[in-house]
Structure formats: structure tokens, C-alpha cells
Amino acid sequence: MKVEELSILLVEPSPTQIKLIQRHLTEAGVGHVEGVHSGEEALASMTDYVPDLVVSAMYLPDMTAPELVAALRRNPGWAGVGFMLVSSETDIHTLEPLRQAGILAILPKPFDHEHLRRALRSTADYLDPAAAVPVAFQDLRVLVVDDSTTSRKHMARTLNALGIDHVLTAEDGMEAVDLVERHLFDLVVTDLHMPELDGQGLVEHIRRRMGNASMPILMVTSEQSQARLASVEQAGVSAICDKPFDLHHLREILCRVLDER
């Protein structure tokens, strides 16, 4: 899918901001942009026409962006719609529910054109499973580990978009340990913060208790503490990817860690 083929629903309370963001999207090559002012208007609009991407402000008159995302994910017909936040919000705890929900990008206000173009390109690739899929991905067996059902589904869909069809999921580190001891995987993709056994504990189990030093392990996390991330790296993780991740960046990371086996 090309960027100009994307259909976008823009949710923004300010009429001025709607015009401004619509202009930016048009300049980036998007052909169809519809604007609404509230979450309820967005949901009502989507009963008639489902867009490829929802671009929303954080705070709407009737709900917040996390509440809007949750409403989208509850409807099976809308579960695959991409979501992008445009906000000046920087509080980690406020943004965390959106990161866990598997949104495609968080753009600051004001955003620069390069960030917008990259996010739109990632959205187009996410929606087109045939886009630039490395042949080496097609036979990979991948385990996705995350305590968030939404995050697991989003990661599985993203891996599918990269041509990876053999994906199993686990809801925490303990379930993942059982699976990696009984099945052969080419790659483990795990969240960091999970109950029972977290992502770092899972990495340590695979590397030390199982003695598997070669299987690539990708940590996908919104963790900001450099000390914690350094500890994860020392545990033996192959690479760390931020939430939300850019699809191009994820593809590059996977190509690198798989090539290093």
C-alpha cells in the first residue's frame, strides 16, 4: 500500500488544529482525510466507513485517546485499524496504556515532517503484508510474550505483516519457559514488565538454565531507565526495541539479529 492510498480519520477537538494537521497530511501525500471533534463522533463515523488509520489527540471532549483505542480494539471489525497519537503529553504513565495497546506512532506537537512521513510509511507497510518481506522471514517460528492481550495481538499482526506466519504467544514469562522448553523457536519477542517472571528473567532462563546462547531474543519495551535497560542487555538480550515501534526499524533489527545467529 502507498501512503497516498491511506484513508485517515483525524480526531481533534480544535478546528484550527484539524485544519493544520490535515494540511500536513495532505503535504505528506495522503489523499483522504476526514476530521471529527470527539471520540463518539469518531466511533459513529466508523460505523459507516472504516479508515486505515485513526490519528487522534490525547484529550478529547468525551474521552481520552487510551479510551478511544480500547473502544476500537473491542470491535472485531476495527481491531486492525492503525492508531497514531499526536500530543504534547510527555508523562510516561499517561502514555503507557497507549504503548501497551500497540499503537503505530506517538508524534509530539509540533511534529516535524520527517517523523510524520516515517510514521505514515510504517502504517502503509503494516497494512500491506506483501510489502518488502524478506524471504528469510517466511519460515521463522516466533514466540511472542506479553501479559497484555492487546499487545500480543498487535505484535502478532505486525510479524504477520513482515511475512512471519508461524507465531505462538504466551501471556507471561512462566508460560514462555514451558513453551521454549517444549518447542523449537527461531526468535523470541518479549515484553519486559510482566508478572510471575518478567522479560529479563525469561532471557536469563534461556541463556543460563537452558544454555541457549544463539537463539535471538528481542525485547520490546517502553522502559526508560538506562540502568534497567543495561541490566537487560547484560542478561543476554539480542536487541531492544521501543514501544511503539517503527515497522521499518523493527524489520532492520530482525534482519540484523537473525543474520548474527
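For this structure, a couple of remarks:
- In this structure, V86 does satisfy being within 19 Å of P108 (Cβ to Cβ) and in contact with a Leu (Cβ under 9 Å, 6 or more places away or on another chain).
- Only one of T158, T190 that is under 26 Å from A105 (Cβ atoms), at pLDDT 95 or above and not basic (K, R): T190
- Against the test of being at pLDDT below 90, out of contact with any Cys (no Cβ under 7 Å at 6 or more places or on another chain) and either of a type outside the set (A, V, I, L, M) or over 26 Å from G80 (Cβ atoms) (or both), the options V257, V232, V180, V203 yield a single qualifying residue, V257.
- Matching entry among S88, S56 (being small (G, A, S), open to solvent by 10 Å² or more (accessible area, probe 1.4 Å) and closer than 26 Å to E223 by Cβ): S88
- When each of G29, G35 is tested for being within 15 Å of L116 (Cβ to Cβ) and small (G, A, S), the lone residue that passes is G29.
- Scanning the stretch 225-235 for any residue that is open to solvent by 10 Å² or more (accessible area, probe 1.4 Å) and in contact with a helix residue (DSSP H, G or I) (Cβ under 6 Å, 6 or more places away or on another chain) turns up nothing.
- Taking the stretch 200-221 as the range and being over 23 Å from L159 (Cα atoms), touching a helix residue (DSSP H, G or I) at 6+ places or on another chain (Cβ under 8 Å) and either assigned to a helix (DSSP H, G or I) or open to solvent by less than 20 Å² (accessible area, probe 1.4 Å) (or both) as the test, the residues that pass are G201, E204, H205, R207.
- Candidates are the residues of the stretch 149-164 that are touching an Asp or Glu at 6+ places or on another chain (Cβ under 8 Å) and among the hydroxyl-bearing types (S, T, Y); the one that is least open to solvent (accessible area, probe 1.4 Å) is S151.
- Pick from the stretch 119-135, criterion touching a helix residue (DSSP H, G or I) at 6+ places or on another chain (Cβ under 9 Å) and at pLDDT 80 or above, ranking: farthest from I164 (Cα to Cα): L120
- In the set (1) of a type outside the set (K, R); (2) modelled with pLDDT of 90 or more; (3) in contact with a helix residue (DSSP H, G or I) (Cβ under 6 Å, 6 or more places away or on another chain), L140 fails one condition alone, (3).
- Exclusive hit being over 25 Å from Q138 (Cβ atoms) and out of contact with any Gly (no Cβ under 9 Å at 6 or more places or on another chain), set E252, E196, E204, E171: E171
- Residues located in the stretch 20-39, provided they are touching a residue at least 12 places away in the same chain (Cβ under 8 Å), assigned to a helix (DSSP H, G or I) and surrounded by fewer than 16 Cβ atoms within 10 Å (Cβ to Cβ): E27
- S88 out of contact with any Ser or Thr (no Cβ under 7 Å at 6 or more places or on another chain) and assigned to a helix (DSSP H, G or I): no
- Evaluated against (1) part of a loop (DSSP other than H, G, I, E, B); (2) within 26 Å of G82 (Cβ to Cβ); (3) free of Cβ contacts under 8 Å to residues at least 12 places away in the same chain, Q224 falls short on exactly one condition, (3).
- Selection count, the stretch 165-196, where residues are hydrophobic (A, V, I, L, M, F, W, C), in a strand (DSSP E or B) and open to solvent by 20 Å² or more (accessible area, probe 1.4 Å): 2
- Considering the stretch 59-82, and only residues there that are more than 14 Å from the chain's Cα centre (by Cα) and assigned to a loop (DSSP other than H, G, I, E, B), the residue that is surrounded by the most Cβ atoms within 10 Å (Cβ to Cβ) turns out to be L60.
The values are calculated or read from the model by the stated rules, or taken from the named source; none is laboratory data. Just so we're clear, the structure is a prediction, and the values are computed from it rather than from any experiment. Positions of Cβ are generated from backbone atoms using ideal geometry, with glycine treated the same way; all protein chains shown enter the neighbour counts. Just so you know, the surface numbers come from the protein's heavy atoms only, side chains and all, with ligands and any DNA or RNA stripped out. Shrake-Rupley method; radii C 1.70, N 1.55, O 1.52, S 1.80 Å.
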